[in-house]
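What follows is a single structure, written as structure tokens, with notes after it.
Just so it is clear, none of the values below were taken in a lab; they were calculated from the coordinates. These figures come from a predicted structure and were not determined experimentally. FYI the Cβ positions are ideal-geometry reconstructions off the backbone, even for glycines, and counts take in every protein chain you see.
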Amino acid sequence: MPRPILYDYYRSSAAYRVRIALNLKGVDYEIRPVNLLESEQKSAEYKALNPQGFVPMLEIDGHRLTQSVAIINYLDLRYSIPPLLPASAAERAHVVAMAMAVACDIHPLNNLRVMKYLKNELGHSQEEADTWYAHWISEGLPALEAMAAPKAGKFLFGDAPTGADVCLIPQLYNARRFNVPLDNYPTLLRADENANKLEAFAAAHPDRQKVPA
Ligand SMILES: N[C@@H](CCC(=O)N[C@@H](CS)C(=O)NCC(=O)O)C(=O)O
């Protein structure tokens, strides 16, 4: 089988999730950059492969997979060690709920196309767009902190990273980029600190990726 190919943009937090998951699973993969700032994701060539025009996309085992959470789920089923989801139904639902709080309820509101629409079509200033961005993070993270706190250990659920941490860490990277205060989230910050000590997370960080020319 050829090496999996990740269609990636270094600052895409959805692609960052998949880089983390691939690294945690120890999968050797190739990166194919898609420059979002040049709108390469909207090209006819790319949309023929991924009609949604998003990164990430992963070519693996003869499949072309899209949607980061679906990709992470595929990787978890394909490579069982280390597991990214607990085995028990209730614990799994809890971890998936935390991952979805980020992937479905915070991140989509701040996606590039949304930010562009606010500024280019609706005429909002950069300052207003930044306020929007920070608002949805500051609205989502307190809930995630409260969801995680009762069952968290070193990570959002227990002492090993799960899919919830895979989604959280890129979201915290985005929050810091936009100077969103994080002091009120001790559980999230503990998971962040512990995750970034692991090479699988550290190697996936945007600062360790090649920036498109
Ligand atoms: N739900 C999708 C979201 C993917 C997504 O939003 N990707 C962003 C980068 S983080 C993107 O490609 N945006 C391009 C655009 O908005 O035009 C996933 O989890 O994979």
Point to revise | Residue that is within 18 Å of the chain's Cα centre (by Cα), within 21 Å of residue 153 (Cβ to Cβ), in a helix (DSSP H, G or I) and free of Cβ contacts under 8 Å to residues at least 24 places away in the same chain, where the choices are 168, 189 | key: 189
Study note, to complete from the structure: The residue from 121, 91 that alone is within 16 Å of the ligand (Cβ to nearest atom) and among the acidic types (Asp, Glu) is 121
Check your understanding: Under the condition of being among the aliphatic types (A, V, I, L, M) and surrounded by fewer than 24 Cβ atoms within 10 Å (Cβ to Cβ), which residue from region 15-33 is nearest to residue 194 (Cα to Cα)?
Key -> 27
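So that you can scan it fast, the table gives a plain yes or no per residue for (1) assigned to a helix (DSSP H, G or I); (2) within 12 Å of the ligand (Cβ to nearest atom); (3) surrounded by fewer than 18 Cβ atoms within 10 Å (Cβ to Cβ):
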position: 99; (1), (2), (3): yes, yes, no
position: 105; (1), (2), (3): no, yes, yes
position: 130; (1), (2), (3): yes, no, yes
position: 137; (1), (2), (3): yes, no, no
position: 141; (1), (2), (3): yes, no, no
Exercise for review: Could you grab me the full set of residues in region 8-64 that are of a type outside the set (Lys, Arg), more than 11 Å from the ligand (Cβ to nearest atom) and under 18 Å from residue 202 (Cβ atoms)?
Suggested key: 20, 21, 22, 23, 24, 26, 27, 28, 29, 31
Review point. Any idea which residue in region 82-97 is farthest from residue 147 (Cα to Cα), counting only those that are assigned to a helix (DSSP H, G or I) and not basic (Lys, Arg)?
Key: 89
